[in-house]
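Q: Sharing a structure below in structure tokens format, with a few things to ask.
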């Protein structure tokens, strides 16, 4: 007899939530399958119906946090001044999954997650550009690497602050810096002409 899909989804959700609470408290190295099943109220065999080990739970959580194509705004190189930059994918992603990003990008998070999300977004953006006839090149590769590294670095810093600044204001600043450069921002702040 097959299990009901709703029950199966709820069981997996409960196990994932139990893992996440333990991961936040003690990290992955000190979290065991027994800890997870005890906290969630299931036996070990139930856990192994959904996951191979504790690292698989983390991997599945991380994979669920990777942006979809719908999260990435369309890029148009014909009018760069009005084209949404890839940073606007981040507010949607972070609002929806903030509890995970705060931990994964924090000091006790998983360092490989930053590389995973950057690599994934870079490939998606390259596909979008390729569909517009822009060939992958040294400039495209390093421009995307620079932009995504900067965005992820700023997001990591943002989540470490005791007082979190307004997200919209932060994303507007990032967009301005990416479009017009850091030097112009400092010149404008000092009252000088933009370059």
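Throughout, read-outs are computed from the coordinates displayed, never taken from laboratory work. Quantities reported herein were computed from a predicted structural model and do not represent experimental measurements. FYI the Cβ positions are ideal-geometry reconstructions off the backbone, even for glycines, and counts take in every protein chain you see.
Q: Hey, among 96, 118, which residue is assigned to a helix (DSSP H, G or I) and in contact with a helix residue (DSSP H, G or I) (Cβ under 6 Å, 6 or more places away or on another chain)?
A: Numbers: 96 fails: in contact with a helix residue (DSSP H, G or I) (Cβ under 6 Å, 6 or more places away or on another chain).
Of the residues listed, the single one that is assigned to a helix (DSSP H, G or I) and in contact with a helix residue (DSSP H, G or I) (Cβ under 6 Å, 6 or more places away or on another chain) is 118.
Q: Another one. Return the residues of region 133-155 that are loosely packed, with under 12 Cβ neighbours inside 10 Å and part of a loop (DSSP other than H, G, I, E, B); say none if nothing qualifies.
A: 133, 135, 137
Q: Restricting to region 93-132, count the residues that are touching a residue at least 60 places away in the same chain (Cβ under 8 Å), surrounded by 17 or more Cβ atoms within 10 Å (Cβ to Cβ) and over 16 Å from residue 158 (Cβ atoms).
A: Total satisfying the criteria: 1.
Q: Among the residues of region 12-46, write down those that are more than 19 Å from residue 109 (Cα to Cα) and under 25 Å from the mean Cα position of the chain (by Cα).
A: Within region 12-46, 12, 13, 14, 15 meet the criteria.
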